[in-house]
Structure formats: C-alpha cells, structure tokens
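Inspection log for the structure reproduced underneath, given as structure tokens.
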Amino acid sequence: GKNEYDLLVIGGGSGGLACAKEAARFGRNVAVLDYVEPSPQGTKWGLGGTCVNVGCIPKKLMHQAALLGSALKDAQHYGWNIAQPVHHTWSVMAQAVQNYVKSLNWGHRVQLQDKKVKYFNMKGSFSDPHTIRGLTKAGKETVVTAENIVIATGGRPKYPTHIAGALEYGITSDDLFWLKESPGKTLTPFVFIVSLECAGFLTGIGLDTTVMMRSIPLRGFDQQMASLVTEHMESYGTKFLKRCFPTKVEKLESHRLQVTWKNTDLGTEETDSFDTVMWAVGRAPDTETLNLETVGVKTNSETGKIIVDASEATSVPHIYAVGDITEGRPELTPTAIAAGKLLAQRLFGQSSELMDYDNVPTTVFTPLEYGCVGLSEEAAVQCYGSDNIEVYHAYYKPLEFTVAERDVTQCYMKMVCLREREQRILGLHFIGPNAGEVTQGFALGIKCGATYPQLMKTIGIHPTCAEEITKLHITKRSGLDATVTGC
C-alpha cells in the first residue's frame with residue numbers, strides 16, 4: 001500500500017524541524033516525531049531540541065546575565081551610582097529564561113500546525129525501512145509509514161559512569177538550565193565548550209566555580225586562543241584544577257558532594273566539597289531506541305554516530321540523517337538547520353545543492369568571547385607546512401574597557417593566511433567582546449575566498465574592536481611586538 005507520509009522526521013530539534021518545514025513548503029505530507037527522555041536527574045522539556053531547551057538559547061541568556069554583572073562594575077567608572085553590594089538572584093533569572101524557552105516550545109508547535117506538519121509526541125523506532133513504531137509516554141502505540149525518513153535525534157550529554165557516584169549525584173547541562181534554585185559552589189570536571197561557558201557565567205553571577213582540566217582546553221580549537229580563554233577566566237575568578245581527574249563523588253550528611261580527585265603532576269589524591277557537580281564529558285548520539293540495526297543503517301562503532309554521504313544519505317536508500325547524530329559533521333545548530341533545508345530541497349524541490357561544511361564560523365561564549373572561522377593555526381601548519389603560511393596577529397584594547405580599567409591582556413586576534421602571492425585567508429580567530437557579531441561578518445568574506453590584500457583594502461568602522469582586524473599587519477614570523485597602541 002501507499003505510505004502515509006512523503007517525509008517523516010524523527011527528532012524535533014533544529015535540523016529536523018528545518019527539514020520538515022521546508023518539505024511542507026513544497027506541499028508534501030510531512031510528520032515529525034519528537035520525544036524527550038528525562039535526564040537521569042528527571043529534567044525534561046518541550047519541542048525544539050538541544051539548542052532551544054538546554055543549549056545555545058538558555059546558555060546565551062545566562063551569559064548575558066553575567067555580562068550585565070560585569071557592566072555594573074564598569075558603570076561606576078562611567079559615573080553611575082550603584083548601591084553596593086550588588087546581589088544576583090538565580091531563581092529570578094532562571095524563571096525568566098525558562099519562560100522564554102517555553103514560549104519557543106509553543107512557537108514550534110504552532111509553526112508545525114500552520115504548515116500542516118503532523119506532530120507526534122512519541123518515541124520512534126524502526127519496524128522496517130519505511131515503518132516507524134511510535135510509543136507515547138503512557139505506552140500507547142502508533143504505527144507510521146513514510147516514503148522518506150530523516151533521523152535528526154541529536155545527542156545527549158554523557159556521564160562518566162566509571163567514576164563512583166557520578167550518575168547518582170552529578171548533573172549535566174541538561175539539568176543546569178532548568179534548576180529552580182542556585183547550584184551554589186560548583187565543580188565542572190573535564191573541559192568541553194559547555195563546561196567553560198557554564199563555568200564562565202556561574203562565576204560571573206557570583207558563584208564559587210571550579211573547572212577540573214585533565215589535559216588541554218577546547219580540543220579541536222586553536223590552542224593559543226584556547227589558552228587565552230582559560231587565562232582570562234582564571235583572572236576573572238574561575239578556579240582551575242589543572243592535570244587533575246576525579247575518581248569518586250560521595251554525598252555527605254550535609255547533602256554537599258565530596259569529590260575526590262588525583263593530581264597527576266604531584267601524584268597526590270585531593271578532596272573538596274561542592275553543592276553541585278556538573279559533568280561535561282561530551283555528548284553521545286541518541287540512537288539507542290531507534291532500532292537502526294534492524295533496517296541496516298550503518299553507524300560508526302566507536303562514536304555511535306550515523307554514517308552519511310555528502311547528500312546526508314545513510315546506508316539505506318530513502319533514510320537520511322542530519323545534525324549532531326551524523327558522523328564527521330560539526331555539532332552546531334546552524335549547520336543542522338542548513339543541512340535539513342537543503343535535504344528537503346533535494347528531495348522535493350528539484351535541487352542538487354549539497355551542504356558545504358567548510359569555513360563554518362562559531363563562537364565560544366566564555367566571559368571574554370572567542371569567535372573563529374576556518375582553520376586553526378595548528379591545522380593550517382599540518383595542511384600546508386609552517387613555511388607556507390603567514391600568521392598576522394595583534395593584542396588590542398577595546399575602547400569600552402579603557403575608562404573602566406578592565407584587563408585587556410587576553411584581547412587578541414590572529415589571521416592565518418597562505419604565504420603565496422594571493423595570500424588567501426585560511427582562518428580568523430578573535431577573542432574579545434561580541435566575538436560572535438565580529439566573526440559573523442568576516443565569515444562571509446572568508447567563505448567567498450577573501451585574501452589578505454583585500455582585507456587591507458576594507459575600511460574599518462571606528463572605533464570598534466572589529467576594525468582592528470582590518471589593520472592586522474604584524475606577522476608572527478617577524479617577531480615584532482604585536483600590541484596595538486594609539487587610536
């Protein structure tokens with residue numbers, strides 16, 4: 001018989017919703033299955049996926065709360081009389097953020113309805129290559145058939161289950177943004193993006209926060225920039241336990257959590273107590289209940305991610321995957337959205353355009369933000385050799401930091417270029433206020449193949465931090481002082 005839907009999307013996050021809505025635009029019969037398994041601590045949320053509920057959106061809003069705290073300190077230098085001491089109330093911030101997230105959940109429901117996309121709040125698993133068995137929370141079963149199926153279930157935070165007490169007493173970013181009360185004194189072991197971002201805003205709103213770092217920070221990013229980010233965080237008040245790893249977590253009679261860890265440099269065992277331990281050990285693809293092996297969808301045995309080709313197709317015809325669930329793709333909301341839209345256009349809109357994953361810009365929202373696009377210096381050296389690249393760099397002073405006498409030691413930018421005559425820009429890295437806004441504009445130029453001479457012809461907007469990029473002229477090779485002075 002004929003399949004019920006032209007397209008069925010499993011997963012109502014950024015990539016899945018974008019794909020479903022785009023397919024509906026072509027007049028196709030589309031359905032979305034979405035189900036949020038509560039975290040081990042019982043946290044659950046609505047439609048919209050990680051970014052909306054437990055990722056980019058609440059994180060950026062809480063980052064903003066911390067920036068406002070810094071602005072209050074600066075304001076006094078600019079003549080504002082602010083009564084001391086200033087106090088932050090977690091519950092007020094959390095309620096406002098959570099209310100906004102709930103409004104986004106509702107907005108997604110309404111959009112699907114408006115576009116005539118059928119929404120099932122169910123957990124889906126494959127019965128055969130065209131059939132999905134959906135289960136509601138109450139255990140009611142619905143069988144859905146579709147001509148094309150897109151898997152977009154994303155990932156969930158991992159727990160270090162080899163550490164005693166980790167699962168029983170720890171939380172993850174899935175829980176932090178939905179806490180009603182302040183997490184208090186917090187430890188975040190392991191250094192992934194989310195651990196630094198959360199530690200940054202927790203410190204910024206006045207909480208005692210510690211990051212435990214076994215090896216390098218921000219693996220996969222430019223390491224010079226990553227070091228500057230953590231140096232600034234240390235000077236800003238976040239504590240770092242370097243070359244340490246946790247071995248157990250125990251609950252004390254006071255309900256605090258006692259964490260034991262090993263210091264690999266000193267060969268010692270140390271302990272301290274915290275109110276909250278937030279694990280950030282990476283994310284695992286959410287595939288457990290999908291029953292992929294039954295229909296023959298191939299995954300990477302090490303990562304568990306779905307293997308896809310350039311057109312997001314899996315090993316089974318008519319079954320596709322987009323977003324964080326796919327092997328070798330950046331775990332970023334905008335790439336998932338773009339890939340989902342393009343997939344729908346190829347399936348139903350006579351398009352042949354593939355997603356281009358090169359030169360994708362991103363930003364780490366630490367207290368001093370780090371934005372980048374293109375290759376890190378290490379990756380450029382590996383690809384082209386150190387003799388064939390030129391790195392232009394500068395330490396600069398944001399004008400708004402001067403009157404407030406803010407520390408500018410880590411405000412730094414660098415541009416990695418090919419050395420040959422045209423000097424094509426391979427990568428741009430920027431640490432400073434509003435790094436995301438700065439990087440977004442330059443990302444267009446780099447996507448279009450911008451060269452260093454073209455950048456030097458670009459007129460800067462004065463006085464901005466972004467303007468300093470248009471004045472980069474000191475190379476690392478020259479050994480000259482890269483500190484920008486004057487106007």
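The values are calculated or read from the model by the stated rules, or taken from the named source; none is laboratory data. Please read all numbers here as calculations on a predicted model, not as lab measurements. All Cβ positions, even for glycine, are placed from backbone atoms using ideal geometry, and neighbour counts span all protein chains on display. Keep in mind that these areas ignore ligands, DNA and RNA; they rest on the heavy atoms of the full protein, side chains included. Shrake-Rupley method; radii C 1.70, N 1.55, O 1.52, S 1.80 Å.
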For region 99-138, give me each residue that is polar (S, T, N, Q) and part of a loop (DSSP other than H, G, I, E, B). ASN121, THR136
Filtered residues of region 335-357 (kept if open to solvent by 60 Å² or more (accessible area, probe 1.4 Å) and out of contact with any helix residue (DSSP H, G or I) (no Cβ under 8 Å at 6 or more places or on another chain)): GLN350, ASP356
How about region 192-215: which of its residues are in contact (Cβ under 8 Å) with a residue 60 or more places away in the chain, more than 14 Å from LYS60 (Cα to Cα) and in contact with a strand residue (DSSP E or B) (Cβ under 8 Å, 6 or more places away or on another chain)? THR203, THR210
Mind checking which helices (runs of 4 or more DSSP H) fall wholly inside region 399-487 and carry at least 1 residues that are surrounded by fewer than 22 Cβ atoms within 10 Å (Cβ to Cβ) and more than 29 Å from the chain's Cα centre (by Cα)? 399-403, 452-456
When restricted to GLY220, GLY237, the only residue modelled with pLDDT under 95 and either polar (S, T, N, Q) or open to solvent by 10 Å² or more (accessible area, probe 1.4 Å) (or both) is GLY220
Within the bounds of region 39-58, is there any residue that is among the aromatic types (Phe, Trp, Tyr) and surrounded by 15 or more Cβ atoms within 10 Å (Cβ to Cβ)? yes
Unique match (being in the same structural domain as ALA466 (by the TED database) and acidic (Asp, Glu)) among ASP387, ASP358, ASP309: ASP387
In region 1-38, the residues that are hydroxyl-bearing (Ser, Thr, Tyr), farther than 13 Å from LYS123 by Cβ and surrounded by fewer than 24 Cβ atoms within 10 Å (Cβ to Cβ): TYR5
Residue list for region 115-174, restricted to those being over 26 Å from PRO40 (Cα atoms), open to solvent by 30 Å² or more (accessible area, probe 1.4 Å) and aliphatic (A, V, I, L, M): VAL143
Taking VAL229 and the conditions (1) free of Cβ contacts under 8 Å to residues at least 24 places away in the same chain; (2) part of a helix (DSSP H, G or I), which numbered condition does it fall short on, given that it satisfies the others? (1)
VAL297 is checked against (1) of a type in the set (Val, Ile, Thr); (2) in a loop (DSSP other than H, G, I, E, B); (3) touching a Gly at 6+ places or on another chain (Cβ under 9 Å) and fails just one. What number does that condition carry? (3)
